[in-house]
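Inspection log for the structure reproduced underneath, given as structure tokens.
The values are calculated or read from the model by the stated rules, or taken from the named source; none is laboratory data. All figures in this text were calculated on a predicted structure; none of them were measured in a lab. Reconstructed Cβ throughout: ideal geometry from the backbone, glycine too, with neighbour counts over all protein chains shown.
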Amino acid sequence: MLLLIAQISFAQTKVSGKVTDSKDGSGVPGATVSVKGTRTAVQTTADGSFTITVPNSSSTLVISSVGFASQEVAASGATVNISLVVVNATMNEVVVTGYGTARKKDLTSAITTITSKDFTKGPITSPEGLINGRVSGVQITAPSGAPGAGSRIIIRGGTSLSASNSPLIVVDNVPLDNGGISGSPNALSMINPNDIESFTILKDASATAIYGNRAANGVILITTKKGKSGKVRVNFSTLNSVYTVPEKRDVLSVEEFKNMVGTKGNSGQSALLGSANTDWQDEIYQTAFGTDNNISISGGLDKLPYRVSLGYLNQSGVLKTGKLSRFSGAINLSPVLLKNHLKVDVNFRAAHASTRFANEDAIGAAASFDPTQRCVQVIALEDILNGCRITDLTILLRVTRSLCWN
């Protein structure tokens with residue numbers, strides 16, 4: 001037994017060496033050096049040096065480190081030097097949440113991201129129109145087709161009969177008040193859709209772990225466009241649209257209306273009939289025009305990326321007197337400081353919107369009013385005082401400035 005122990009002790013040898021980076025020859029600290037087929041392993045010191053005991057001179061050393069390709073070398077001598085090669089690996093797409101990070105394909109939460117290339121095209125006056133019909137489980141409904149009418153957003157159905165079912169909206173990590181701004185249809189109506197880069201919709205209850213009970217109805221994360229270092233880029237776009245009523249309500253003609261009154265009505269009602277032939281739907285509807293113009297300048301000064309944008313939207317409604325006019329501006333600065341260790345995002349946004357809502361009661365009145373009556377000329381007192389001249393106003397309207405046809 002003593003002879004056997006002596007032979008085993010004699011067979012074990014120590015191997016020393018250094019693990020270096022193939023790029024610059026610097027030592028690789030924390031690299032693992034192990035004997036293949038055994039549990040014997042050591043780590044390199046701060047300068048990449050190591051010493052390990054191997055069973056015999058025919059053993060194989062396995063050297064590995066994060067960011068480098070693993071290598072196997074024979075422990076044939078007392079000194080072994082290894083040069084590791086850097087491996088450029090692509091990281092899988094990850095999602096950062098309030099409670100950690102996870103690979104997107106492994107994430108069990110219901111998350112949907114829509115980027116600018118997938119946005120709905122066409123004349124869009126409010127940001128929620130960009131994702132209308134693009135995300136499953138998200139319902140976006142507009143109360144009317146009037147210019148500036150805000151849409152109602154519901155994620156995966158309503159959760160309350162009396163409280164609000166609107167989701168929490170976060171723009172560039174800044175939560176918006178669900179109550180919106182007084183006088184605006186919703187919290188998004190003051191944001192220019194052309195400044196938005198992407199939407200991320202958090203649908204399930206895990207969003208409450210990040211934002212609390214405000215996220216009970218889901219969360220919509222909005223990321224706006226940022227500047228990029230390099231050459232100055234100037235983008236200009238203009239979109240002009242014409243709006244018409246595709247189909248009017250089918251109503252009785254003058255002859256049919258007179259026959260009905262003569263057959264079903266009495267003499268007093270027949271006496272009220274006029275001699276005109278007026279289509280009241282033609283009197284309240286119009287061919288509307290809309291224009292959306294945007295210009296942006298982006299670039300970077302050294303380590304200061306910037307983006308400046310201006311927008312002007314003017315849209316008339318197919319129902320006369322309805323109109324939306326909006327001016328918007330945005331400045332984004334994304335400086336990188338302290339040798340790329342600190343990044344700051346600064347956003348300035350301003351918007352001025354003027355909305356005139358037409359009296360939508362005129363739609364039902366135009367379909368039911370007597371077509372034998374003619375248009376009359378009505379002049380409001382305040383219009384006289386302001387020196388305004390109104391030449392053609394329809395009957396049915398009260399003499400107030402807010403209801404006068406142009």
Can you tell me which residues in region 269-288 are of a type in the set (A, V, I, L, M) and touching a helix residue (DSSP H, G or I) at 6+ places or on another chain (Cβ under 9 Å)? Leu272, Leu273, Ala276, Ile284
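Residue by residue, here is whether (1) hydroxyl-bearing (Ser, Thr, Tyr); (2) modelled with pLDDT of 85 or more; (3) not assigned by TED's automatic domain parsing to the domain that holds Val254 holds:
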residue: Ser334; (1), (2), (3): yes, yes, no
residue: Leu342; (1), (2), (3): no, yes, no
residue: Phe348; (1), (2), (3): no, yes, no
residue: Glu360; (1), (2), (3): no, yes, no
residue: Asn386; (1), (2), (3): no, no, yes
residue: Leu396; (1), (2), (3): no, no, yes
residue: Val399; (1), (2), (3): no, no, yes
Out of the strands (runs of 3 or more DSSP E) lying entirely within region 23-75, which hold 3 or more residues that are hydroxyl-bearing (Ser, Thr, Tyr), within 21 Å of Gln12 (Cβ to Cβ) and out of contact with any helix residue (DSSP H, G or I) (no Cβ under 9 Å at 6 or more places or on another chain)? 49-54
Mind counting the residues in region 122-136 that are within 21 Å of Leu221 (Cβ to Cβ) and either surrounded by 14 or more Cβ atoms within 10 Å (Cβ to Cβ) or among the acidic types (Asp, Glu) (or both)? 10
Determine the pairs where a residue that is in a loop (DSSP other than H, G, I, E, B), located within region 151-164, has a partner that is hydroxyl-bearing (Ser, Thr, Tyr) and modelled with pLDDT of 70 or more with Cβ atoms under 9 Å apart, the partner being 6 or more residues away or on another chain. Ser151/Ser126; Ser151/Thr141
Subset of region 51-66 that is closer than 23 Å to Val85 by Cβ and aliphatic (A, V, I, L, M) - its residue that is farthest from the chain's Cα centre (by Cα): Ile52
Select the helices (runs of 4 or more DSSP H) contained entirely in region 210-309, then report the ones holding at least 2 residues which are more than 30 Å from Val135 (Cα to Cα) and in contact (Cβ under 8 Å) with a residue 60 or more places away in the chain. 254-264, 280-284
